[in-house]
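The values are calculated or read from the model by the stated rules, or taken from the named source; none is laboratory data. If you're wondering where the values come from, they're calculated on a predicted model, not measured in any experiment. Cβ: placed from backbone, ideal geometry, glycine included. Neighbour counts: every protein chain shown. Surface areas here come from the heavy atoms of the whole protein model, side chains and all, with no ligands, DNA or RNA. Shrake-Rupley method; radii C 1.70, N 1.55, O 1.52, S 1.80 Å.
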Amino acid sequence: MRFLADLSDDDVKWLEEQAAQQGTSRAAILREAVSSYRAAQSMQGVERFFGLWAQHGSSVDGLAYERRARGEWDRDWESAEDAPQP
């Protein structure tokens, strides 16, 4: 199906450059972009955000980070002066 879409001159120039680099057409790039966008929008809940750190180049282990953060909540009542008294 064909349709008309208004794009800025900068976007058209970018599409032309990408098409030349990839050896494909602007239409093929737009079809791929729409397919990728649909796939991203179809994910629900946790699936949408799972692996978010890795997607943005972070090498931090999420579970290790969580455990370290939660470890800050622990208090050593045995050695603390302000330990609750029974």
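Observations on the structure shown:
- Residue that is nearest to residue 62 (Cα to Cα), among those in region 13-51 that are among the polar types (S, T, N, Q) and open to solvent by 100 Å² or more (accessible area, probe 1.4 Å): 44
- Any pair with Cβ under 9 angstrom, 6 or more apart, that starts in region 39-52 at a residue that is on the phi > 0 side of the Ramachandran plot and at pLDDT 75 or above and ends at one that is surrounded by 10 or more Cβ atoms within 10 Å (Cβ to Cβ) and not in a helix (DSSP H, G or I): none
- Pairs where the first residue, in region 1-12, is surrounded by 10 or more Cβ atoms within 10 Å (Cβ to Cβ) and the second is charged (D, E, K, R) and not in a loop (DSSP other than H, G, I, E, B), C-beta under 9 Å, 6+ apart: 12/26
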